[in-house]
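Here is the structure we will look at.
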Amino acid sequence: MKTIWLCILTTCLWLPGWVAAKEITAVGSAILVDDMEESRDQAIRDALRQASLQMGGSIHSSQMLVDGLVTSDQMSLKTKGQFRHVRILQEKISHGILEVKLRAEFIEEGQCATNQGNGYRKAVAVAGFALQTPKQAVLGGLGNIEQHLPSVLANTINGRHRLHAMDSGHMLMFSSVDRAPSSQNNLQRLTNSVELAKELGAQFVISGVIRDLDMINPNAGVPQIWDRPLDLIGLSREKRMRNFVLDVYVHDGISGALMFQNTYATAGEWEYGDRKHTGFATPIFWKSDYGQHVKDALSKIVDDLNTNLGCQPYMAKIIDTSGDFIRLDTGGSVGMRPGDELTVFRTSTFYNLDQQGLTQLKDTKVKATITQVQPRFAIAKLNKTPQRYAIQREDVVVAW
């Protein structure tokens, strides 16, 4: 018995155990052909179609007539949710027909925005966050923010258990923070930073620019002649407020394309004097009102990353091939398990008008079933001969 991650709509869903799910049993069939795996796949899909109809799915068909003859006949199935934890209960063959009985959990639609897709923790690399105006970090001794902010962000991401973050804060994505997330190529045109995103090896690369750490009202702490009269009537002097403005970018680690960008801005009271050096992300920094506002902003960033990346298909690169087996650049740390099934995609490069190499993926229809999982890699068996499809290193496997 094996677990199959499959869905009727475009994206698969994995949800934590507390999410309500309906368990359903269905039977599907397919004509038995020479390729047993293909017959089984068709029978499973038929069973899921039957299950979808039981859960309120609907069949839509359309026909095109030309001179009274049907020239186009299309049928589609729409469902109000998606399946997880599909388990084969029974298989039997009778009169050339393969019949499969399965059980699955059905999840109502609308869950993907708050939950991770397809069950795997997608690997993200958190690259360096450049400081646009370094002199703004002098107050409070926050010059370590470029190195420490990626670490804090990676730790916060890992604390949510939906993405698997790697701290790559020593690597900067942009040669010029003024143009980020773009850079100028040798043709004097702006392009996204593609190559570095690929080199980091993760499925997604998070980076950004710290735009503003300046004081909003730098003279608020200076004694004024009206301080004493204000104290007598119960009014306090103006608080010393400080900005925190951060641009966040997410690049696809396989194609290098920019997938997400947003600006996060907040402000808090800077409670320390001009000579007090707290450093960034120290206990005394987090204790301040300003530190609490920064922590809230970083938490909001992680929420948005989970929402935007959680429903993306899971992808991992092929390290090498040996016969019918492939080794994958993924492992137990992302939730991979023996019996999981993924689809192999060929990668190729084409060049746009700027002579920039772009990655294109092509579905080979070849299935890879995980047979062995190690912490940092996994081995999968292909259901078809890899030489026929020229499957090689740098190709990818995908789970929808």
All conditions in (1) surrounded by fewer than 17 Cβ atoms within 10 Å (Cβ to Cβ); (2) farther than 30 Å from residue 384 by Cβ are true of residue 301 except (1)
Among the numbered conditions (1) open to solvent by less than 50 Å² (accessible area, probe 1.4 Å); (2) modelled with pLDDT of 90 or more; (3) within 29 Å of the chain's Cα centre (by Cα), tell me where residue 296 comes up short. (1)
Check segment 22-45 and report whether any residue there is assigned to a helix (DSSP H, G or I), at pLDDT 80 or above and among the hydroxyl-bearing types (Ser, Thr, Tyr). yes
Residue that is modelled with the highest pLDDT [pool: residues in segment 151-163 that are over 17 Å from residue 286 (Cβ atoms) and part of a helix (DSSP H, G or I)]: 157
Determine the pairs where a residue that is polar (S, T, N, Q), located within segment 250-261, has a partner that is modelled with pLDDT of 85 or more with Cβ atoms under 8 Å apart, the partner being 6 or more residues away or on another chain. 261/247; 261/248; 261/249; 261/250
If you go through segment 333-346 one residue at a time, how many are out of contact with any His (no Cβ under 8 Å at 6 or more places or on another chain) and either open to solvent by 40 Å² or more (accessible area, probe 1.4 Å) or under 19 Å from residue 35 (Cβ atoms) (or both)? 7
Kindly indicate the residue of segment 256-271 that is surrounded by fewer than 18 Cβ atoms within 10 Å (Cβ to Cβ) and in a loop (DSSP other than H, G, I, E, B) and also modelled with the lowest pLDDT among those meeting that condition. 257
Does segment 175-185 include one or more residues that are of a type in the set (Val, Ile, Thr) and modelled with pLDDT of 85 or more? no
Restricted to segment 99-138 and to residues being open to solvent by 30 Å² or more (accessible area, probe 1.4 Å) and of a type in the set (A, V, I, L, M), the residue modelled with the highest pLDDT is 138
So which residues in segment 347-391 are of a type in the set (Lys, Arg) and either under 20 Å from residue 36 (Cα atoms) or modelled with pLDDT of 90 or more (or both)? 365, 367, 381, 384, 388
Filter pass, residue 376 being among the charged types (D, E, K, R), out of contact with any Lys or Arg (no Cβ under 8 Å at 6 or more places or on another chain) and either farther than 21 Å from residue 86 by Cβ or surrounded by 13 or more Cβ atoms within 10 Å (Cβ to Cβ) (or both): yes
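The values are calculated or read from the model by the stated rules, or taken from the named source; none is laboratory data. Just so we're clear, the structure is a prediction, and the values are computed from it rather than from any experiment. When we count neighbours, we look across all protein chains shown, and the Cβ atoms used for this are built from the backbone with ideal geometry, even at glycine. Please note that ligands, DNA and RNA were not included when accessible areas were found on the heavy atoms of the full protein model with its side chains. Shrake-Rupley method; radii C 1.70, N 1.55, O 1.52, S 1.80 Å.
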